[in-house]
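Structure record follows, encoded as structure tokens.
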Amino acid sequence: MSQRVMITAAATGIGRCIARTFHENGAKVHVCDVNEEALENFREEFPEIGATHVNVRSEAEVEAWFDEALDDLGGLDVMVNNAGIKGPTAQVDDIDYADWKECLEVGIDSYFFCARRTAPILKDQRGGTIINLSSTAGLFGFGNRTPYAVVKWGVIGFTKSLAIELGPFSATCNAICPGVVKGDRINRVIQGEADLRGVPFETVAAQMVGGQSIPRFVEPQEIADMAFFLASPAAKMVNGQAIAVDGHSETFHIR
């Protein structure tokens, strides 16, 4: 039977790449995103994939999406929590609480909403997996990005706790920790840091990869490949792990 896969924030970027990878390998996929324009583009490219407009900060919208997607897919084997925002780039004393709260609601609350619906399904069928997107910012401190780092550290703790709960039912939960992934999102992060410090974009970009053993940006496909592996039979004894796909970062301190 084909795997049944749900993915949050999947109309663009890493999520889109994950959705395409599962789809091209025969999975039934249903995604959501808050960006309606991006969703329309996604639907045009992947008409066979269900795509729903959802604000994952809303418990009610996530619940409605699960009802729709489960009906569409006929069940669930793989839940990929991919939603997240970069949050503010500022010293902690210059961060507004509203910005802090938004970052945590997207990157922590939505993971809880989705895991709460997924866990009983995986337990009942005694199999399946939850894959959470963290970051190397969840492995190191990240000055000027404290809300983002807090979220990504929290995702790892959430992952390890879920792994303990799901393991006895032969289901798994793991976190992927991407490094500096090529794309528009990291470009906005780099520009924000460059503006804050008054240095060129290129300076920050070079520093971001300078602490890696493989000093280049990660391709989105390399994250999708890891997600596909973690959902495969080859990874059935991989549980509770925070797996970096980052070319081996020795630090995330970029100053």
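Just so you know, all these numbers are worked out from the coordinates, no wet-lab data involved. All figures in this text were calculated on a predicted structure; none of them were measured in a lab. Note that each Cβ is placed from the backbone with ideal geometry, even for glycine, and that neighbours are counted across all protein chains shown.
Before moving on, here are some points about what is shown:
- The amide H of A175, built 1.01 Å from its N in the peptide plane, has N132, Q241, A242, I243 as neighbours under 5 Å, considering only residues 5 or more places off or on other chains.
- For the range 193-255, the set of GluC sites (Glu not before Pro) satisfying both a DSSP loop assignment and a count of at most 13 other C-beta atoms within 10 Å is given as E250.
- Using alpha-carbon coordinates, inclination of helix 110-125 to the longest axis of the chain, degrees: 30
- In order along the range 169-174, the phi-based Karplus estimate (6.51 cos²θ - 1.76 cosθ + 1.60, θ = phi - 60°) of 3J(HN,Hα) comes to 9, 6, 10, 10, 8, 9 Hz; Gly and Pro are listed as x.
- Seen against the Cα atoms of the chain and their longest principal axis, helix 146-166 is set at about 30 degrees.
- For the chain, the mean residue ellipticity at 222 nm estimated from helices alone is -14500 deg cm²/dmol, where every DSSP H run of n ≥ 4 contributes -39500 (n - 2.57) and the total is divided by all residues, rounded to the nearest 500.
- Sequentially through the range 47-53, phi angles give Karplus couplings (6.51, -1.76, 1.60; θ = phi - 60°) of x, 7, 9, x, 9, 10, 6 Hz, Gly and Pro residues having no value and appearing as x.
- Span from the the range 17-90 Cα centroid across to the the range 186-255 one, whole angstrom: 23
- Among the trypsin sites (Lys or Arg not before Pro) in the range 146-220, those located in a DSSP loop and surrounded by at most 13 other Cβ atoms within 10 Å of their own Cβ are R216.
- For the chain, lysine pairs separated by 8 or more sequence positions, or belonging to different chains, with Cα-Cα distances below 18 Å total 8.
- Nearest 10 degrees, 0 to 90: helix 184-197 Cα axis against the chain principal axis: 30
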